[in-house]
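Each remark here refers to the structure printed beneath this line.
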Protein chains: 2
Amino acid sequence: MTNLAQKIISGDHRSIARLITQVENDDPDAVETMRQIHRHTGKATVIGVTGVMGSGKSSLIFELAVAYRAEGKKIGIIAIDPTSPFSGGALLGDRIRMTELSTDEGVFIRSMGTRGMMGGLTSALYDVVEILDAAGMDIILIETVGVGQDEVDIVKIADTTLVVLVPGLGDSVQTIKAGLMEIADIFVVNKADKPGVEQTIAELESMLDLQSGLDRRIPIVATSAKEKKGIPLLTDKITEHQAYLKNSKTFEQRRRQRYEAELIEIIRKRLMEFIFDEKKLKSTVDCCIEQISRKELDPYTAADQILGKILK
Amino acid sequence: MTNLAQKIISGDHRSIARLITQVENDDPDAVETMRQIHRHTGKATVIGVTGVMGSGKSSLIFELAVAYRAEGKKIGIIAIDPTSPFSGGALLGDRIRMTELSTDEGVFIRSMGTRGMMGGLTSALYDVVEILDAAGMDIILIETVGVGQDEVDIVKIADTTLVVLVPGLGDSVQTIKAGLMEIADIFVVNKADKPGVEQTIAELESMLDLQSGLDRRIPIVATSAKEKKGIPLLTDKITEHQAYLKNSKTFEQRRRQRYEAELIEIIRKRLMEFIFDEKKLKSTVDCCIEQISRKELDPYTAADQILGKILK
């Protein structure tokens, strides 16, 4: 076992950070360590927290982290939102609270960019979850902004997905209709100190009434970071959802989904590296692009030509 | 040439819609038509419009479409935001205006989901742009919500990218710092009838002052759909940007980037189909996932095994 792998399994924060950086930079050294830590994974509960900007996801994660810490659990937090306070991009008050959390030995916080040459986020995210899991984190909280592609990824990775709404946002229920409905394991109506909270909950309830044939009704939890309200109920609902997953055998199925998504991602990345490798196919690819630009070749035929060169 | 390809080149809306549906459904029949229309593409100006929810992107696109129609130009609109009025998910007033636009023979509107099995959006979007281009649209407007992965894609596809902000959103400038800065060709401060517009512009200006070494300063245009303000200036700035691209040779470079991204996307999709083809590798992949779940195998080694079976 590599020295780094050993240190990660022992929970060393510096080593965790180092391997994450290697993974983010596509450092080939990371692969051997990633291989070795895999058999130490599978114990962490992965919670995805998604919702539009301004829904208070970060404060909610902060409160959840505090609650789980009080139970003695080790926490990993991954923020994939460039405007998240965890990424340092927010209000001073928030940042100070986050700093308090980050000096806690039982908490590891990492923010990740949403950018990547070839959809680089996803593969790094799978790796980071594996790393934190292997490092002994009991709970991994992942914050995503939850619009577009990211929300799909969170569902593939998380055991439990929280969809965070705020009262009076107007388009909140529209948004849910448009897609968040299917990914929510628990709805959180955050900032429940604001007016309109009853209406938002009522709208959600009537939407849930329309769902039939499900063996589980999605719970709605009202929370307020300001009034420190709702967090115990939320952690209960998360525990209940975990129990539901395990009883209904969907837990194993979700885990298998995550591994499938991770495997696809690694294969995709390897193939792309192969195709764009300077020494191998790059000149063919460049030549194709030139011909496509001049309309002498179309992209579909070009793809077939390139694939013909690499596939058995 | 296929019958469908011919009809698309003649600008027939039903045929355009049909090919887009084929493309979205991964219908193998689409490929031959896509091959044939490629040499008819490259004339349309592709404008990406990105910004957070509530920034009034749809109204702005509506006003731009009206302005370009007045010049006799043919317009294609692609909305990749599930909450966009173009997707039918918004306020009644907006919907009525959009309906007016959609009954105009010179306008083709299509909304697309952000979901896809394996990042399905991107490849379909490249295809839709090619289709609208081949069908003779002079201007193609693409609306994306602009957080996360989507914004990267828009930059790869668009000739000119508008980043839309609204006064008083507070975190607007934060958001720009976090990434939108690099993708903006033009900043639009929309809803300029609202208070705080001067401050937002001033913040943007001082941010732009910090940028050095650029041969072009990003213009800021204040617009208001309500007061019908700023649209002529915005279309001027778009024309100026197009001229800048062509003079500085970056136009060809951007187009080549788009083709490269499109080619990568097609290759990626083909490879994924190949790997998950029932008859070919699916049983190997399923077996690997099972072993990964049982910690007998790690994802990286599994990826190598699968790749070893398919690559020359």
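FYI, it's all coordinate maths here, none of it is from the lab. None of the values given here were measured: they were computed from a predicted structure. We place every Cβ from the backbone using ideal geometry, glycine too, and count neighbours over all the protein chains shown.
Results, tabulated for the structure shown:
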{"quantity": "Cβ-derived FRET efficiency at R0 25 Å, B:Asp26 paired with B:Lys279, nearest 0.05", "calculated": "0.90"}
{"quantity": "Amide proton proximity set for A:Lys229, modelled H, under 5 Å, gap of 5+", "calculated": "A:Ser224"}
{"quantity": "Per-residue mean of C-beta atoms belonging to partner chains within 10 Å, peptide A:265-272", "calculated": "6"}
{"quantity": "Within 10 Å of each Cβ in B:218-226, the average number of Cβ atoms from other chains", "calculated": "0"}
{"quantity": "Distant-in-sequence amide H partners of A:Val164 (H built 1.01 Å from N, under 5 Å)", "calculated": "A:Thr50, A:Gly51, A:Val188"}
{"quantity": "Between the range B:187-204 and the range A:29-48, the alpha-carbon center distance in angstrom", "calculated": "46"}
{"quantity": "Packing-based order for A:129-141, B:194-206, A:183-195, using average beta carbon neighbours within 10 Å, highest first", "calculated": "A:129-141, A:183-195, B:194-206"}
{"quantity": "Ascending list, in nanometres, of distances separating the B:Asp236 label from those of the other copies (7 Å, Cα toward Cβ)", "calculated": "6.3"}
{"quantity": "Candidate lysines for bridging to B:Lys246, where Cα separation is under 19 Å - those fewer than 8 sequence places away on the same chain excluded", "calculated": "A:Lys295, B:Lys43, B:Lys156, B:Lys237"}
{"quantity": "Ranked by how many other beta carbons lie within 10 Å on average, peptides B:239-247, B:159-167, B:33-41 from highest", "calculated": "B:159-167, B:33-41, B:239-247"}
{"quantity": "Values of log10 I(q)/I(0), in the order q = 0.17, 0.22, 0.24, 0.31 Å⁻¹, for the range B:225-265 under a Debye, Cα-only, solvent-free model", "calculated": "-0.61, -0.72, -0.76, -0.93"}
{"quantity": "Residue-averaged beta-carbon neighbours from other chains (10 angstrom radius) around A:285-297", "calculated": "4"}
{"quantity": "Distances in nm from B:Lys73 to the matching label points in the other copies, shortest first (labels 7 Å along Cα to Cβ)", "calculated": "5.4"}
